[in-house]
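Take a look at the structure below.
The values are calculated or read from the model by the stated rules, or taken from the named source; none is laboratory data. All of these numbers come straight from a predicted model, not from anything done at the bench. Cβ sites come from the backbone with ideal geometry, for glycine too, and all protein chains shown count toward neighbours.
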Amino acid sequence: MDVVVGRVAKAHGISGELAVDVRTDSPETRFAPGSVLTAKLRDGTSRNLTVAAARNHSGRLLVRFEEVLTRDVAETLRGTVLLGSTEDLPPTGDPDEFYDHQLEGLAAELADGTRIGTVLEVVHGPGGELLVVKRENGDETLIPFVREIVPAVDLAGGRVVLDPPEGLLDAD
């Protein structure tokens with residue numbers, strides 16, 4: 001299974017380096033030299049890119065790929081989604097730690113089994129992680145991913161259990 005690990009924001013410099021918005025908890029693994037990522041281009045086609053080097057810069061990663069040697073080629077990759085395989089990820093080793101792809105698609109339910117919706121994605125913000133839940137009525141709700149509000153994650157059962165404070169799930 002492939003998951004989004006980054007999105008190319010823009011070309012950087014003249015040698016084909018790319019500024020990438022990271023969408024993974026393990027950028028040191030995903031963007032390690034020699035790693036192969038699948039680039040899903042804006043025209044719908046895909047190609048493999050091999051990481052030559054990566055470094056942090058102003059909240060993004062600057063990544064050089066072996067196949068991208070000039071700024072002109074780098075410019076054509078603006079907006080490209082970078083995918084990595086979930087098979088490449090090591091186990092977390094912590095029962096309370098999850099990869100984003102493990103949470104996406106899980107049912108969001110109250111403790112009594114009332115279905116609230118489905119987890120669409122995990123947003124990593126400065127204040128912590130948020131689950132984006134698509135409600136049964138089609139609206140989206142942000143749920144802080146903290147033990148007090150999400151007391152249980154049942155991967156085998158395909159659900160997260162919510163104990164929301166009053167007002168969190170009220171309609172806007």
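Observations, loosely collected:
- Top-ranked residue of the stretch 22-34 - restricted to ones that are in contact with a strand residue (DSSP E or B) (Cβ under 7 Å, 6 or more places away or on another chain) and farther than 20 Å from residue 70 by Cα, ranked as surrounded by the most Cβ atoms within 10 Å (Cβ to Cβ): 30
- Annotation note: of 124, 101, the sole residue that is under 25 Å from residue 84 (Cβ atoms) and assigned to a strand (DSSP E or B) is 124.
- Under the condition of being crowded, with 16+ Cβ neighbours inside 10 Å and within 14 Å of residue 83 (Cβ to Cβ), the residues counted in the stretch 39-52 number 4.
- Against the test of being in a strand (DSSP E or B), within 24 Å of residue 129 (Cα to Cα) and aliphatic (A, V, I, L, M), the options 53, 11, 19 yield a single qualifying residue, 19.
- Any hit, the stretch 61-79, residues being in contact with a helix residue (DSSP H, G or I) (Cβ under 8 Å, 6 or more places away or on another chain), surrounded by 17 or more Cβ atoms within 10 Å (Cβ to Cβ) and in the same structural domain as residue 11 (by TED's automatic domain parsing): yes
- Matching residues, the stretch 1-25, being within 20 Å of residue 73 (Cβ to Cβ), acidic (Asp, Glu) and under 11 Å from the mean Cα position of the chain (by Cα): 21
- Among residues of the stretch 1-55, those that are acidic (Asp, Glu) and closer than 27 Å to residue 103 by Cα, counted: 4
- When residue 17 is tested against (1) surrounded by 14 or more Cβ atoms within 10 Å (Cβ to Cβ); (2) out of contact with any Leu (no Cβ under 8 Å at 6 or more places or on another chain), just one condition goes unmet, and that condition is (2).
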